[in-house]
Amino acid sequence: MVGEAKVRREGLDLYSERLMMLAFGGGKSGLGEGGVKIVGLVITEWKDIPMELLLRIVSLVDDRTMIMASGVCSGWRDAICSGLTHLCLSWCKNNMNNLVLSLAPKFTKLQTLVLRQDKPQLEDNAVETIASHCHDLQDLDLSKSFKLSDLSLYALAHGFPNLTKLNISGCTAFSDVSLEYLTEFCRKLKILNLCGCVKGATDRALQAIGRNCSQLQSLNLGWCENVGDVGVRSLAYGCPDLRTLDLCGCVCITGIFKIGGEFYHFTRSSYIIASSKWIF
């Protein structure tokens with residue numbers, strides 16, 4: 001056990017030195033018995049680095065390195081956890097669920113979180129943990145989370161009152177009931193990606209969006225085969241700020257040209273995509 005701890009400590013020190021090299025233009029950090037001299041300041045241990053400098057350093061590295069840096073010492077952990085607002089874990093190809101369960105209670109100041117997956121990893125308990133701790137979140141990407149159920153949307157509804165951007169494209173298990181519930185609580189949504197949400201994106205869900213999400217600016221409904229004229233018309237009347245609407249593959253829409261005319265607030269910079277054709 002002692003040997004393993006030593007190896008881990010040495011690994012963290014290597015990451016720490018890498019961070020210091022980035023901070024000082026790629027030169028040697030020089031952290032040894034004499035410490036590092038920074039304009040009259042002598043740093044004898046990693047924990048002595050001022051928080052402002054540490055946050056500047058970690059802003060230069062990738063998220064994986066930043067997570068490693070948070071394990072160097074308690075001071076680094078506290079500084080990084082309190083200052084980190086953006087995090088992407090899409091690089092994690094295995095065990096993303098466990099990683100989220102570990103990090104979410106620490107990184108409570110997150111505003112943007114990207115959890116896009118190549119293969120499904122996330123489960124409902126991870127989303128529930130995020131919703132319980134990261135109440136400042138405004139931008140969340142859960143695309144291709146095939147394992148998630150309605151429980152995740154219920155958790156999002158109660159955990160993120162300030163959510164403005166949500167990507168749940170490819171989440172095929174979500175129902176229109178849970179999506180309707182989400183809109184009742186997340187009323188600040190401006191960008192919503194429902195591409196491929198074949199069960200969730202229905203006329204019922206779109207009517208709820210029209211009632212509750214008046215600030216919506218962009219909505220992707222690509223390949224949502226249960227979307228019809230009634231739902232799209234609800235968007236036209238309920239979302240006056242809507243500027244982008246993707247209806248590609250929505251085969252149940254029969255009167256797109258007539259419906260398009262009802263989006264009277266659309267400008268030349270706005271567009272509706274239907275059957276891969278630009279209508280505006």
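For the reader, a short list of remarks on this structure follows.
- Of the peptides 193-202, 91-100, the order by per-residue mean of other Cβ atoms within 10 Å, starting with the highest, comes out as 193-202, 91-100.
- From most to least packed by mean Cβ count within 10 Å, the peptides 164-173, 211-220 give 164-173, 211-220.
- The label point for Arg187 and the one for Val230, both projected 7 Å from the Cα toward the Cβ, are 2.5 nm apart.
- Calculated FRET value between Thr172 and Leu60, using beta carbons and R₀ = 35 Å, to 0.05: 0.35
- Extension gain (nm, one decimal) between Leu101 and Asp48, 0.36 nm per residue minus Cα-Cα: 16.2 nm
- FRET efficiency for the pair Arg116 and Leu151, taken as 1/(1 + (r/R0)^6) with r the Cβ-Cβ distance and R0 = 30 Å, rounds to 0.90.
Bear in mind that the values in this text are calculations on the coordinates, not laboratory data. Just so it is clear, the model here is predicted, and its values are computed rather than measured. Positions of Cβ are generated from backbone atoms using ideal geometry, with glycine treated the same way; all protein chains shown enter the neighbour counts.
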